[in-house]
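Q: One structure follows; several queries about it will come next.
The values are calculated or read from the model by the stated rules, or taken from the named source; none is laboratory data. Bear in mind the structure is a predicted one, so any value in this text is a computation, not a measurement. With ideal geometry, Cβ positions are generated from the backbone for all residues, glycine too; neighbour counts draw on all protein chains shown.
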Amino acid sequence: MKIGVFGDSYADMTQDASSIWWGILKQTTNHDVDCFGESASSIMFSAKKILENYHKYDLVIWCLTQSGRQTIYWENKPVHFSFGADFKNHPSKVVREQWSLFIDYWQSDLLDWDNEKITGKALVHYINNVCKNVMIIPCFRDPLECNFNLFDLSRREAEFYFGPKDAEHFYSKYQDLRSGHLSITNQRILAEEIKTKLVPGIFQTDYSKFSDPETPLDQMFKKFQ
């Protein structure tokens, strides 16, 4: 089977293939896997990439990111605006100005989170209507509000070290060193779970199938200076 992978940091194409689920899937099966995932990218960015490429693949796997992210282009390269990013010191004045507008919008009364989620759902519906070969892996609780998503799995790993704190607490203080925001053990489990469900639709599994991390904290998270 020829598989194309799209999405955000949970499907990051720059990661070592031996440490992230799509690479493990490629290495442990006879499937031909190409990855196009880019960290911090938006739903719209991935949707456009899928529309450009879906006809080349037997199956498209879409790691669906959260609503609200935006992608602009600088020197013909995508620049992804997400909530944790910071472009105040970007070399391009245009990017800095666009980043400022993005932040102003998210801090203003113009923001309607329900509208953002509806837009995300509409994009998913459109892609599914046009492309009949898409398997979606929810990365966050929105826009699909599924029982299983990769962010909550990632958060459970962090809570193993930090306790049951709000995710923003430890992500604001620590750099996440994990490939695809998961330990290597759980990346392997995720690859095995995906391997058994390579069909169009929404990928779901159970959190109980995954393990507590065994890796030392300093190999998982690095405290910001």
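Q: Is there any pair linking a residue in the stretch 35-59 that is under 16 Å from G180 (Cα atoms) to one that is surrounded by fewer than 18 Cβ atoms within 10 Å (Cβ to Cβ) and modelled with pLDDT under 95, with Cβ under 7 Å and at least six apart or on different chains, and which?
A: Once the first residue is under 16 Å from G180 (Cα atoms) and sits in the stretch 35-59, its partners that are surrounded by fewer than 18 Cβ atoms within 10 Å (Cβ to Cβ) and modelled with pLDDT under 95 give A40/A85.
Q: Go through E159, E116, E145, E97 for me and flag whichever is among the charged types (D, E, K, R) and at positive phi.
A: Numbers: E159 fails: at positive phi; E116 fails: at positive phi; E97 fails: at positive phi.
Of E159, E116, E145, E97, the one residue that is among the charged types (D, E, K, R) and at positive phi is E145.
Q: Going through K197, K165 one at a time, which residue ends up being of a type in the set (K, R), under 30 Å from D32 (Cα atoms) and part of a loop (DSSP other than H, G, I, E, B)?
A: Values: K165 fails: under 30 Å from D32 (Cα atoms).
Checking each option against the conditions leaves just K197.
Results for (1) among the basic types (K, R); (2) over 16 Å from W22 (Cα atoms), shown as yes or no for each residue.
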site: G180; (1), (2): no, no
site: T185; (1), (2): no, no
site: A191; (1), (2): no, no
site: T196; (1), (2): no, no
site: Q204; (1), (2): no, yes
site: K209; (1), (2): yes, yes
site: P213; (1), (2): no, yes
site: Q219; (1), (2): no, yes
site: K222; (1), (2): yes, yes
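Q: Do we find a residue being part of a helix (DSSP H, G or I) and more than 16 Å from the chain's Cα centre (by Cα) anywhere in the stretch 143-153? Explain how you work it out, then say what you get.
A: Taking the stretch 143-153 and keeping what is part of a helix (DSSP H, G or I), we get 150-153.
Filter once more, keeping what is more than 16 Å from the chain's Cα centre (by Cα): none.
So far as the stretch 143-153 goes, no, none of its residues is part of a helix (DSSP H, G or I) and more than 16 Å from the chain's Cα centre (by Cα).
Q: Collect the residues in the stretch 12-36 that are aliphatic (A, V, I, L, M), farther than 17 Å from C139 by Cβ and outside any helix (DSSP H, G or I), keeping them in residue-number order. Explain how you work it out, then say what you get.
A: If we filter the stretch 12-36 for residues that are aliphatic (A, V, I, L, M), which is where we start, we get 13, 17, 20, 24-25, 33.
Subsequent filtering for residues that are farther than 17 Å from C139 by Cβ retains 17, 24, 33.
The answer is A17, V33.
Here's the yes/no breakdown for (1) closer than 17 Å to A158 by Cβ; (2) within 15 Å of the chain's Cα centre (by Cα); (3) part of a helix (DSSP H, G or I):
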residue: G180; (1), (2), (3): yes, yes, yes
residue: Q187; (1), (2), (3): yes, yes, yes
residue: E192; (1), (2), (3): no, no, yes
residue: S208; (1), (2), (3): no, no, yes
residue: T215; (1), (2), (3): yes, no, no
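Q: So for the stretch 81-97 (the condition being closer than 28 Å to V130 by Cα and of a type outside the set (V, I, T)), does at least one residue qualify? So that I can check it myself, show each step before the final result.
A: In the first step, residues of the stretch 81-97 are kept if they are closer than 28 Å to V130 by Cα; the result is 81-82.
Going one step further and asking which of them are of a type outside the set (V, I, T), we end up with 81-82.
Yes - at least one qualifying residue is present in the stretch 81-97.
Q: Say we look at the stretch 173-211 and pick out the residues that are free of Cβ contacts under 8 Å to residues at least 12 places away in the same chain and polar (S, T, N, Q); which of these is surrounded by the most Cβ atoms within 10 Å (Cβ to Cβ)? Walk me through how you get there before you give the answer.
A: If we filter the stretch 173-211 for residues that are free of Cβ contacts under 8 Å to residues at least 12 places away in the same chain, which is where we start, we get 192, 196, 208.
Filter once more, keeping what is polar (S, T, N, Q): 196, 208.
Numbers: T196: 8, S208: 6.
Looking at the filtered set, the residue picked out is T196.
Q: Please specify each residue of the stretch 44-72 satisfying the condition of being hydroxyl-bearing (S, T, Y), modelled with pLDDT of 95 or more and farther than 18 Å from L198 by Cα.
A: S46, T65, T71
Q: Could you list, in sequence order, the residues of the stretch 114-139 that are under 19 Å from the mean Cα position of the chain (by Cα) and assigned to a helix (DSSP H, G or I)?
A: If the condition is that a residue be under 19 Å from the mean Cα position of the chain (by Cα) and assigned to a helix (DSSP H, G or I), then E116, K117, I118, T119, G120, K121, A122, L123, V124, H125, I127, N128 are the ones that fit.
Q: Something else: Would you check if there is a residue in the stretch 61-68 being surrounded by fewer than 20 Cβ atoms within 10 Å (Cβ to Cβ) and not aromatic (F, W, Y)?
A: Residues of the stretch 61-68 that are surrounded by fewer than 20 Cβ atoms within 10 Å (Cβ to Cβ), as a first pass: none.
Checked the stretch 61-68: no residue is surrounded by fewer than 20 Cβ atoms within 10 Å (Cβ to Cβ) and not aromatic (F, W, Y).
Q: Among the residues of the stretch 37-47, which ones are assigned to a helix (DSSP H, G or I) and crowded, with 24+ Cβ neighbours inside 10 Å? Quick ask: steps written out before the conclusion?
A: Residues of the stretch 37-47 that are assigned to a helix (DSSP H, G or I), as a first pass: 43-47.
Within the stretch 37-47, I43, S46 qualify.
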